[in-house]
1. Take the alpha-carbon centre of segment 28-84, take the same for segment 151-195, and report the distance between them in whole Å.
2. Shape verdict for segment 149-190, please, from the Cα gyration tensor: rounded (a/c under 1.5), prolate (a/b greater than b/c) or oblate.
3. Restricting attention to segment 33-89, which GluC sites (Glu not before Pro) occupy a DSSP loop and are surrounded by at most 14 other Cβ atoms within 10 Å?
4. Mind checking which lysines have their C-alpha under 16 Å from Lys219, skipping anything on the same chain fewer than 8 residues away?
5. Among Lys47/Lys147; Lys178/Lys203; Lys79/Lys182; Lys48/Lys165; Lys48/Lys147; Lys45/Lys104, which pairs are too far apart, with a Cα-Cα distance over 20 Å?
Amino acid sequence: MGRGLSLLLLPLALLAAPARAEGGSAAAEEVQIEVLHLPEACSPKSKKGDLLNAHYDGFLASDGSKFYCSRTQNEGHPKWFVLGVGQVIKGLDIAMMNMCPGEKRRVTIPPSLAYGQQGYGKKEVLTLNFVFPVFFTLSDIQHSQGKIPPNATLIFEIELYAVNKGPRSVEAFNQIDKDGDKKLSELEISQYLKEEFARDGKKRHPSAHDEILADIFKKNDHDGDGFISAKEYNVYQHDEL
């Protein structure tokens with residue numbers, strides 16, 4: 001179904017550097033990043049809003065037990081996700097900034113940037129907010145298979161394969177904006193939804209199209225004029241429309 005239509009993430013210790021959460025000042029709020037492999041050609045580097053493709057394994061720091069392996073999910077295909085918008089835990093959003101394709105990292109994430117005091121005791125699914133293209137609005141990301149105790153520090157080994165422009169890129173906007181007037185009408189988005197539904201072939205209730213269309217405008221048409229402008233669409237602020 002096109003680039004990234006399938007939708008998380010990953011260690012020669014070349015570098016060990018802390019990445020601090022926004023607003024965090026204590027050591028407990030830091031993500032520890034160890035770069036295990038850095039390719040000679042490091043471009044492009046990942047930034048907020050980019051669409052990433054990666055494999056990752058998750059371990060408990062306390063005993064080294066593995067609680068997740070992306071290679072055992074989805075027939076072993078790497079995971080797709082948008083960086084920096086809450087599709088993964090906060091610590092991973094921080095840990096995977098400024099990565100390049102082919103890079104490998106081992107990252108240590110404190111409880112405050114993972115599952116916190118509650119931990120994680122059952123299969124958890126995070127339903128994404130509506131974001132273009134539709135394959136991100138209709139998909140769920142499974143975060144974990146095993147039990148994560150309260151106040152657990154987590155370790156992820158990440159291998160990044162691809163860094164692409166995310167769903168709020170100029171290219172994606174222009175794909176939907178058929179008449180080129182730099183704003184998206186209900187008709188244009190409705191047609192786009194129909195095309196995406198036809199591509200993925202999933203069975204949906206007949207009302208799904210209208211419900212999704214209404215939700216998209218509710219969450220994106222901030223001035224209520226019946227259109228989604230280039231400014232309203234480009235929430236990640238990494239392209240000029």
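1. The distance from the Cα centre of segment 28-84 to that of segment 151-195 comes to 20 Å.
2. Values: a/c = 5.69, a/b = 2.55, b/c = 2.23.
Cα axes put segment 149-190 in the prolate bin.
3. On the way: sites: Glu34, Glu40, Glu75; in loops: Glu40.
Of the GluC sites (Glu not before Pro), the ones in loops of segment 33-89 whose Cβ has at most 14 other Cβ atoms within 10 Å are Glu40.
4. Lys183, Lys231
5. Details: Lys47/Lys147 30 Å; Lys178/Lys203 27 Å; Lys79/Lys182 32 Å; Lys48/Lys165 10 Å; Lys48/Lys147 29 Å; Lys45/Lys104 13 Å.
Pairs exceeding the cut-off: Lys47/Lys147; Lys178/Lys203; Lys79/Lys182; Lys48/Lys147.
None of the figures in this text is laboratory data; all of them are computed from the coordinates on show. Remember, predicted model here, so these are calculated numbers, not experimental data. Cβ atoms come from the backbone with ideal geometry, glycine included; neighbour counts cover every protein chain shown.
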